[in-house]
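As structure tokens, the structure follows; a few thoughts come after it.
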Amino acid sequence: MTRSQLGMVVTLPWLVAGVVLLAMTRIEGETREAQLELFGSAAICFSIGCLARTSLGLHDLMQASHTKEAAPAPGPRQP
């Protein structure tokens, strides 16, 4: 999976949360209970997006630290 594909997969839950919130405001004739259920679904999608973004960030930090450790230490300069 390429980096751009991974970024899109991580962003999808936030897009879905936005669509659900938009649908919640546009649907007429729904009961208050149904609107709260849609809001709950949007909140769950948003939290999944936050967890995915945090996980990706932690993965990037771990990769950077492993790369730094794997790089050879600079030796003394020879004239």
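Taken together, the values in this text are just the output of simple stated rules run on the coordinates, not laboratory data. Worth saying up front: this structure is predicted, and the values here are computed from it rather than measured. Every residue, glycine as well, gets a Cβ built from its backbone with ideal geometry; the counts of neighbours run over all protein chains shown.
Within the range 24-75, the set of residues being in a loop (DSSP other than H, G, I, E, B), among the β-branched types (Val, Ile, Thr) and surrounded by 11 or more Cβ atoms within 10 Å (Cβ to Cβ) comprises 27 only.
Applying a threshold of 8 Å to beta carbon distances and a minimum spacing of six or more residues, or different chains, the list of pairs starting in the range 1-28 at a residue that is at negative phi and ending at one that is of a type in the set (S, T, N, Q) reads 20/41; 24/35; 27/35. Residue pairs whose Cβ atoms lie under 6 Å apart, sitting 6 or more positions apart in sequence or on different chains, and linking a residue in the range 43-57 that is more than 15 Å from residue 3 (Cβ to Cβ) to a partner that is part of a helix (DSSP H, G or I), are 45/13; 45/16; 45/17; 46/17; 48/13; 49/13; 49/14.
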